[in-house]
Every structure is written in C-alpha cells, then in structure tokens.
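Throughout, read-outs are computed from the coordinates displayed, never taken from laboratory work. If you're wondering where the values come from, they're calculated on a predicted model, not measured in any experiment. Neighbour counts are summed over all protein chains in view; Cβ atoms, including those assigned to glycine, are modelled from backbone coordinates with ideal geometry.
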C-alpha cells in the first residue's frame, strides 16, 4: 500500500472518529504546485523537489524554449521527466516506455498522453499515469537525487529511456555520453550548450541506479538504434535500459546529479539515498517542506487564502538552486578555464555553506530580501557566501549566476541591496568586508554595474558619463540587453549607491560612505518636476521632447521592462525626497492614487507583458513597491487600501490559470504576495542601518513567525487582528507587547526580540493612526 493510499485511508478513518480541530492541515498540505501553470516557464513548475534543491524533477509537456516550456497544465502529452529546471540550466531527460523501443525517434514519437483526473501533484511528490504505455510513474527527491517508482505492466519489453542529447528548455546539448557500470547502474553526462545569457558550455553529470538488474543496455546515435552496448557518446545520442517486469513489482530508479563529475554524482547519491524505501523519501520530503513552511503559521482566513499563502511561501524557497555537491565541490566557470573548486570547511569539517544558481536579484529588494531573513536566514547567508566566493574566483560579485557562470542578467547592481540587507539584519556569517570591496568594485569601470543584460564586457562610455553628470543620457546605451534603459539605470545606481553607503557606514568606512551617499541623490537628475515624472535626458542635458510616460510596448524607451509612470516611484531610499520633486507629499500621494485608480480595471498588472503601458504593474519587479510608497510619505491608510486591493486582484488566484500573472521569477512574486498577506514589507529593501518594516493589515486572524535560533535567538513574533473581515482593511489602532504603537512602521531590531503586534481593523481609514 503506497504512502498516498495509506494517508487517504487514515485520514478518512480519523475523520469519522475525531473532531475536526484535531485534523488541521499542516502547512505543506496547503501547497498547490499547479497554481498558474497554464503559461509556464522552464524553471517555474516543480513538484519532486526539496527546498532550494539541486534536483527539481518533474514532467515536461513542452521541452523547447525558456518560456512556455516545462509543465503546462493545458497540454495533453508528457514528453519526458527531467531532473533540472533551473535558471539557464536543464538536463537528464528520462521516460519509461513499453513495447517497441522508440527512443531514437525522439519525443514527438515516444511522448505519452496523460490525464489530470488520476494525477497527484504535491510539494515533493508527483504521480501520473502514462496512458500510451499503461505505466504509473511516481517521482520524489532528496536535495541532489531524483527518485522514480515506475509500475509497469507485466512484460519483457519495459524500457527506461535516457534522452541525454535532447534539447531541453534553453537550448541543445553539445555532447553527451552514457556508460554501463554494472547490471544495476549506469552513469553519464550532458554538456549544455551556452546560451545568450549563460555564455559557456556547461556539463551536468549523473549516476542512475536501479532496484533490479536490467536485461540489456542499448542506445541510439543520429537516429539509429544500437541494440546492445556498454557505452555510447557523441552529439545526438541516447541510451536505454531494458527490464522484465511484473505488474505488482515496481521498478525503482535513483538518479544522482552533479555539476562537477560522475564521481560527484555518485557521492551525492550514496550520501543522500542509501536505501530503496520510496514512501519514506516522500514522507521525508514532506517533512522537510513542512519544517520550512511552518516557520510562519497562520490562523483564520479562507481555505483559498491559506492555499495561496503557503504556495507563495513554498515558491519563495524553491527556485534558486543548490549547485554544490554534498562534499562541497562545485563548478567554477567565472574564468576562461572550467575548474572544480571546494567550499571552505566549517568548524564541524563540513562545507561551510552551499553554492547556488539563481536568476537576477533584480527587484528582490521588494520580495526575497525581506522575506528570507525572516523565514530562512541560513539560506540567505548561503547566497551571500556564494556571491563572495564567486568574487574570489572571478573578480566580480554576480547578479545572476548560472552553473558557475556570470550571466549579467538584467541591468544595474542588484546584488548590492541583497547583500547589504543581510548585513543590516545581522546576517553576517560571510566575509562582509570582502563583500563590500566587491560591491564597490562592481561600480567601477570594469564592474558588473556597467554590463548590459547578458553582455560580455562593460560599456566605458556609460560609466564615464554617469561619473561626470550623475545620470546616463539617451543614446549612450549599455552593450547587451536593456541597453537603452538609461533612466532606469540611473535610478538603480542611485538606490544601489545608498545601499553600499549604509553598509560602509556600519563598517566604519566613512570614505566609502561619503562617496556613495552623494551618488544616492542622483535620482534627482531624471525626475522632471514640471511633468511630475521620471523622464529621459538627452546628451546635452535637455529633457527628451515628445516623450510620453506610457507607451504600448514591452518596455518604454529609457526604462527597463516598465514605463516611466511606474518607474517614477522607484526611489526606495528617499521617498520624501522624491515627494518634494513631485510637488510635496500631498501632490505625490494624489498622483499615485490616481494611477492606482486607473490600474484597477486591469487588476494592477498587464499580463501580456506590455509593461511599457502600465500605470501600476504588479506583473514585473520595478512596480512591486508602489502601494507601500504611501506609507513613507504620511498616507499609511492608502498603503493599507491598495496593498489589500492588489493582493486580492493580482495574487489571490488558486487555479492553474491565475495567481502570479505570467512571470514569477524564481520566488519573487510568491515572496511579495506572502509579505502582503501577513502585512509586513520594507519599502527601502531593508538595507538601512536601522531597517524598518511597513505595517499593513494581514488577511489572517493570527500570524506567528518562528524566528531562527541561530540569528534571532528563536524568538516568536505574533500578529493578531481584531475585527478581521474582507472589508476591514484599515488599521484603527495598534499595540506592540501591550503598549500603544502609533507608527505605521516597526524596526527590525524590535521585531526580532519577539512580541505581539495587535491590530484593530475597520472599514474606514483612521487617518490619524501611523501618520
């Protein structure tokens, strides 16, 4: 009897015997991986995966392209199960089949129809029936090993295909190989061809071990079958293992993954999965997720709200993968020569941290940089250590590494708020002095700040103009993607300078502080007070003529995947200074409120990715702090109003056709939605020396945050609401540990001491509270 059957039976029996309160779901039980899967992205869908796991094993219904690929809910056919769905990374496609060996004919031929009716999709587990072959496939994983259970019909012609050269996601494989180790184990590798983002060819290695001997190993090369072989290699190759099966005896397969070597993959497999108890691994995965998700407990709210909240929290800890082996070995591609390096050991002799692969930090100051220090600071520390380690290896702090490569995804220096927020919140078990050195270097002429998206070199003219004028003008484009986003780059630089200045101040580096705090004011060069808007400057310093703050396009000229209307409010570090340029706080609040009113019709996002036409845009990162701007200029009730409205309209969906609005970007929108749901945010990204949380009303009756024992002494923060209801979005009064709390913010240093924040809510704004 499988775990799923046992669990269902026990739950049914208990429901007849026990009161409902004793059957409350665990946080992991609320997670729904199928939310918004109709229009997926290669790294978006994950089922058989651990928190931050190297292995992210799941079915693929589309295998070509970074977008609209992976698992798409509306598709009818599963093409393969693959083990890696990561930022610019993919690999090791497998599929069980029966009858004729068709692996050499490709996925279009051997793919199988499936149905959602008998599919089970959970955090850490996926079960699906392949109709074409009458095979039931179950998938789970450890951190670095995929675990498969295939129930075949009784047959002498059961196969497991290893389509190691297949194009997966971002591009083709350059070469691949598979070798027979013995009659229960094979090993191999695939080399992912470089992409426009991850420039270098990058290998991934595997070891596959089976619960019973295979009767034959064969393969294919350039479309021709090789009936029996002990090894196959080349550009267009694949392999298969053949089994004699019985309907009541599943075939189990364990697949260890590594980016360093076959030996690394074997060590990962041996260390993490020494047994064959599939159900135990399903339970272990569920418990692993539950431990992470239980760090925030919520009470009250609807079932849909709990489902979305815990799915949001799950997504925030899902997409940014571990890439180092269990022994600390990792692949370094920051220089011309690929190298296998080792993470330094901690006091216990084990690797001091894990190396990670991740999409850009771009926009994370309004999502992950706030949530992760509260729920998984130990992981946040790993990302800081990853960044410092790559600086040691390659000379730059990365803003989006992939497989040990620099990718220079997006523009700007978004690692600055990420690392400085960690320092500001007391997460300092990384070499923060070396990190500051790297962040400063990133702002120089050879630094990462002046690489355009996916570029191979910086743009000296942009650096020189910014140093001279304090802004970048139209026509002086960065090399690479988003090169013409000159106003966005100016605004990013100003904010990132402020972040660096804060960390420098904390470290007593007044020389660095004075330099960068001056640069923090450069946003003033690209806000045109007469137009109450961010604008584009010409090279002679004049404002661009005939410019419209919104245009019907993906991104407006001068701006990065957004419009001038949205980017006007991208001054996280000086909201009152911005208000002054817009005519004062009253004028700034009026302008922004009108934009929100205008955006209501489109639910505060433009899912079709026409970001350049947005008044408000919660489908992409640059707009995700807009509702909280009011809180910093004396209008907290408008933040309370619009945070709730945005969360309900843009992020409350719980079906396969809604929930994240098209581009969730490895946990960023999930983290943002989770923060909105519990009513905590940081408009400045939390990089100030005294970080403050913006308070809005949680959607739950009670929220309990269990803080890290390592970083925050294990203290507990409780947020309680009185008069909770959908219409009661406005805070009437508040207390902190029983004492009146009259500010719409609370400091990080107070919050981590633990305590209870009690909010009394109402349907009309109390404009005196929090102002």
So, relative contact order of the chain in percent, Cα under 8 Å, 6 or more apart, is 11
CD proxy, 222 nm, the chain: helix-only mean residue ellipticity via -39,500 (n - 2.57) per DSSP H run with n ≥ 4, per residue, nearest 500, stands at -8500 deg cm²/dmol
re the stretch 356-459: pairs of Cα atoms spaced beyond 20 Å account for a percent value of 30
Output ordering of 250-263, 540-553 (per-residue mean of other Cβ within 10 Å, highest first) is 250-263, 540-553
Expressed in nanometres to one decimal, the distance between label points 7 Å along Cα→Cβ at residue 545 and residue 193 is 4.7
Classified through the alpha carbon gyration tensor (a ≥ b ≥ c as square roots of its eigenvalues; rounded if a/c is under 1.5, else prolate when a/b is larger than b/c, else oblate), the stretch 530-654 comes out oblate
Ordering 220-233, 136-149 by per-residue average of other C-beta atoms within 10 angstrom, highest first, gives 136-149, 220-233
Dividing the alpha-carbon radius of gyration of the stretch 622-771 by 2.2 N^0.38 Å, where N counts its residues, gives 1.02
Using the Kirkwood radius over Cα pairs of the stretch 109-232, the Stokes-Einstein translational diffusion coefficient at 37 °C and 0.692 mPa s, in µm²/s and rounded to a whole number, is 198
Diffusion coefficient in µm²/s returned for the chain by Stokes-Einstein, Kirkwood Rh over C-alpha pairs, 4 °C and 1.567 mPa s, is 48
Quotient of Cα radius of gyration and Kirkwood radius for the stretch 640-723, i.e. Rg/Rh, equals 1.00
The stretch 428-564, convex hull of Cα, quarter of hull surface, nm² -> 9.1
Taking only the alpha carbons of the stretch 697-771, the radius of gyration and the largest Cα-Cα distance, Dmax, both in angstrom, are 13.0, 41
Length gained, residue 248-residue 131, 0.36 nm per residue minus C-alpha separation, equals 40.3 nm
Checked the stretch 230-317 with the C-alpha gyration tensor, a ≥ b ≥ c its square-rooted eigenvalues, rounded below a/c of 1.5, otherwise prolate if a/b is larger than b/c and oblate if not; verdict prolate
Reduced to Cα centres, the span from the stretch 317-347 to the stretch 484-558 in Å works out to 35
So, relative contact order of the stretch 176-248 in percent, Cα under 8 Å, 6 or more apart, is 31
Cα convex hull volume per residue for the stretch 280-350, in Å³, equals 154
Expressed in nanometres to one decimal, the distance between label points 7 Å along Cα→Cβ at residue 157 and residue 342 is 5.0
Most packed first (mean Cβ within 10 Å per residue), the peptides 314-324, 650-660 order as 314-324, 650-660
Counting every C-alpha pair in the stretch 31-293, the percent lying more than 25 Å apart is 37
